[in-house]
Amino acid sequence: MQRLFDIAVPVPFFPWNTLFSYKEFEGEIETKPGQLVEVSFGRRKVRGVVVRETQKAPDPKIKIKSIHQICIEEPVFSAERLAFVESLGKHYRHPIGLVFEASLPSSIRNGTERTLKHTWPISMEAPNVLTSPFELNEDQEKSFQNIMNGNKAHHLLWGITGSGKTEVYLRCVEEALKRNQTCLVLVPEIALTPQLTERFEARFPGELATFHSAQTPKKTREAWFKVWTGRARVAIGARSALFAPLKNIGLIIVDEEHDGSYKQEEGFRYHAAEAARLLSVQTNARLVLGSATPRAESIALVESGELELNKLSRRASSGSKLPKLHVVDLKKGLAKENKIPHVEIKDEFDLPKIDGDFFLSPELRVSLDRTLDKKEQAILFVNRRGVGSQFICKTCGESCVCPNCDVRLTPHSQKLLCHYCAYEIAIPSKCDSCGSKDEPFTRVGVGTEGLEKILAFHYPDAKVLRLDRDTVQKKDDLEKILTAFSNKEADILVGTQMVAKGHDFPSVSLVGILLADLGLSVPDFRASERTLQLLMQVAGRAGRADIAGEVIIQSFQPENPIFASLLSPDPMTSYFAFLKEELAKREVLRYAPYSRMALLRFDSLENNLAHQASRYVCDALSKINSDKLQVLGPVVSPMAKLRGRYRTQILLKCSHSESFDTALDWILQGWNKGGLEKRFKTRMLVDVDPQSM
Ligand SMILES: [Zn+2]
Ligand SMILES: [Zn+2]
C-alpha cells in the first residue's frame, strides 16, 4: 500500500493549519518530511513542503493524487525547522503553506537539486575561529559569562551607545562556535552596512552567510546553501535570516531589538525579534536581545523573569564622556516673532527668507558656530524629508492633498509628493479651492531638504550632506554618504531617522534635533515610547573618544515627560522608570504585552463597502460572549484612504491567549467560507501583534 503525506501548499486556506494529503512520490526517490515537492492543486502545479506522514485514514470518497515531483531530494526543512514554521503559523494564525513559502528564499523555492549542486560543491572545511584580540571590560565580561554560562538562557543586553555591545556579541559567537554550535545574528536592515559584516568576517573568516533584501537572488541562494551544507555556521542578516537553515543552533542575537524594521508589514506579518524568541525556546538556544533603548515589551519580560537583564552602563573607550543635553522651547521663539513657523522659498533657486531662522534657534546657532569653528562635525536631525511639511494656500488655507490617499502632499524643491503612494505633481500655480493665482501657496514646516536650504543660506561655506530616502535610492548610496561623513568630507549631516542607527562618527560633537515632538502626535499607544527611543538613539551620536558632545533638542512641548527622562543625569534608571510607567498604563488599558492584540484592516475601492464589511465582522465578534475579549471599532483608519482604497479597522484585544486564537480563527474562517471578500468587494488583512495602529 502506498504511503500518504500531509503537504503544506502555498494557498490562503483556513483554518491556518490546513494540510493536504498526497500519495508518496512514485519514483526512485523516497518521500520524506521537510522535502520541497511539486503537486497539482486544482488545475495548477504548485510547490509545497512535506510536513509529515498522514496519520488519519483517508476519506475513501476523495481521490488522492500522487506527489508529482520531488524538487530537492535532501529535506530543505529539518524536523526542528518544520516545528518552528508550524509554531509561527500558529502564533500568527497565518495559513501554514504561506508561512512555509515565506520561509524559503524564492531562489531555493524555485530551484532543483541540479541548480543547488551547481551553486556549491559540497565540501566541508575545518572551522575557523580566531581568538578575540580584545580584552572585554568588567561589564562586558560579566555579561558574556552570564549569557553563555548563566542559569538563564534568555537575556536582554542593555547597553548605552558606545558601550561595546558588538564586542560582547562577537565573544558569544566565538564561544558558541567553540562548542560546535551555529549562530544566528539578526540586525536591522539599515545597520547591515559592510562595516558590521566586515567586523564579523574578520573574526570568523569563511564562517559567515549574509541575508538581506537588497542582495540578488543568486547571492541569497549561495548564502542559504552555505548554511544548509554546514559550510557557514554564522547566519547574519535582516529579518529573513531567521529562516537560514542552521542546524544545532546554540546562540541567537537580535541587535537593536527595538528597531521597527523587525516587523514584516506585508504578506506574512511577523515580528522577527518575537519569532527569534520562539525559535530559541524550541531549540534551547541562548538568546540575546540587545539595545541601547529596549522595548517596553522586553522590560516587561525582565520584570516577569523571562529575560535576564545585563547592563552596560559605561562607554567602552576610556575617557569617552556622555554628551550634555539641553531642551530649547520653540514656543518662546514663536511668541517673540509672532508668526507661524514656515520656510518661504519663491522658487528652487531662491534662498529662504528670514523665517527659516525659526528652525535654528539662537541656542542651536551658537553651538553650530562653535562646532564649525573648531572643525568638528554636527548632525542635524529632522524626521521628515522634503522642503516642508505641507503646501498651504495663503488665501483660503487649504492644503494640496493626494487624490489617492487622505494625506497632504509634501513639498519637495520642484514638486509636491505623496509619501505614501509616490503620486507627484509639479508645483501648482493656482489654488483649486479658491482659485487664487500668482504664487498662491506657502510652504509650512521644515523637512531635511528645507533644512539644507536654510543651512546654505546661513552657512554658505559649510559642506552639508543629506541622508534620507531621497538621497539613498541605490544600494551603495547609504554607505557612500556615511563613509564621506566619517572621512570628514562634510561638516554637517542633515537627516531623517536614518542618522539614528548605529553608526560611529568620532568627530561629531553636536547633535541638533529640530522638531523633537514630531512623533508624539501619532495616534498610537507606543508613540511616547518610540519618540523617546528615537531621540535617545539620535542623541547617542554625539561625543565620542576625546570629544565632548552636546545635544540640543528643540521642542514645542518641553514639559512632556519624555524630556525629563532624556535629561536625567542617570538615563538608564530614568528610561526604566519611564517604561514602567508606560507599562502600568498599558496594563490598565489592556494593551500589549498585557493582552494579545490583532488589528483587522479592511480596504475597498468603495467607502461604504469598507464600512459595511467591518461592521459585519464587528457584529459577528459581538456574538462571542467573553469578558476577556475586547472589540474596538470599527473605525476609520488613521490613514482613511491609501492608494485609492478606503480603509476601516477593528482592534481586538484579549487577555486570554486561547480565546484570542479561537476568536481570530472564527472570523478568518467565516470570512473565507462566506466569500465575504467578494460580497463586500473588500479585502480583510489580519495583523497579529500589530506594531503600528
Ligand atoms: Zn498618495
Ligand atoms: Zn486657496
Estimated dipole of the chain in Debye, rounded to 20 [Cβ of Lys and Arg +1, of Asp and Glu -1, Cα centre]: 1720
Can you find, among 212, 383, 157, the residue sitting farthest towards the positive end of the charge dipole of the chain, where Lys and Arg contribute +1 and Asp and Glu -1 at Cβ? 212
So what is the 222 nm mean residue ellipticity for the chain from helices alone, if each DSSP H run of at least 4 adds -39500 (n - 2.57) and you divide by all residues, rounding to the nearest 500 deg cm²/dmol? -9500 deg cm²/dmol
Please report the orientation-averaged projected area of the stretch 359-453, defined via the convex hull of its C-alpha atoms, in nm². 7.4
Descending Cα extents along the principal axes, the stretch 164-289, whole Å: 38, 31, 28
Calculate the dipole size of the stretch 1-92 relative to its Cα centre from +1 charges on Lys and Arg beta carbons and -1 charges on Asp and Glu beta carbons; express the result in debye to the nearest 20. 520
Compute the signed sum of charges (Lys and Arg +1, Asp and Glu -1) over the other residues within less than 13 Å, Cβ to Cβ, of residue 422. +2
Per-residue Cβ contact counts at 10 Å, fewest first, order 366, 85 as 366, 85
Cα-Cα pairs above 52 Å in the chain: how many percent? 14
To the nearest 0.05, the calculated FRET efficiency linking residue 218 and residue 146 through their beta-carbon distance, R0 being 30 Å, is 0.15
Nearest 10 degrees, 0 to 90: what angle lies between the long axis of helix 217-228 and the longest principal axis of the chain (Cα atoms)? 60
By a straight-distance test (C-alpha under 19 Å), which aspartates and glutamates pair with residue 641 as possible cross-link partners, with residues fewer than eight away in the same chain excluded? 265, 266, 398, 406, 424, 524, 603, 606, 677, 687
Would you mind checking 226/475; 331/480; 142/480; 263/585; 219/263; 415/453 for any pair whose Cα atoms are more than 26 angstrom apart? 331/480; 142/480
Residues meeting the amide H criterion for residue 295 (H placed from the backbone, H to H distance under 5 Å, 5 or more places apart or on another chain) are 258
Could you line up 409, 4, 451 from fewest to most neighbouring Cβ atoms inside 10 Å? 4, 409, 451
The summed charge of the residue 368 Cβ neighbourhood (under 12 Å; Lys/Arg +1, Asp/Glu -1) stands at -3
Net charge around residue 576, counting only other residues with Cβ within less than 13 Å of its Cβ (Lys, Arg = +1; Asp, Glu = -1)? -2
Leaving out same-chain residues fewer than 8 places away, which aspartates and glutamates sit with a Cα under 16 Å from that of residue 673? 665
Roughly what % antiparallel, to the nearest 5, for the DSSP beta bridges in the chain? 50
Note down the magnitude of the dipole of the stretch 398-522 about its Cα centre, charges +1 on Lys and Arg C-beta and -1 on Asp and Glu C-beta and zero elsewhere, to the nearest 20 debye. 120
Positive end of the charge dipole of the stretch 539-693 (Lys, Arg +1 and Asp, Glu -1 on Cβ, about the Cα centre): tell me which of 589, 557, 682 has its Cα farthest that way. 682
Estimated distance in nm for a label pair at residue 587 and residue 665, the labels positioned 7 Å out from Cα along Cα-to-Cβ: 3.1
Which is farthest toward the positive dipole end of the chain among 664, 1, 246, measuring Cα position about the Cα centre, with Cβ charges +1 (Lys, Arg) and -1 (Asp, Glu)? 1
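No lab work stands behind these numbers, since they all come straight from the coordinates. Since the model is a prediction, treat every value here as computed from it, not as a measurement. We place every Cβ from the backbone using ideal geometry, glycine too, and count neighbours over all the protein chains shown.
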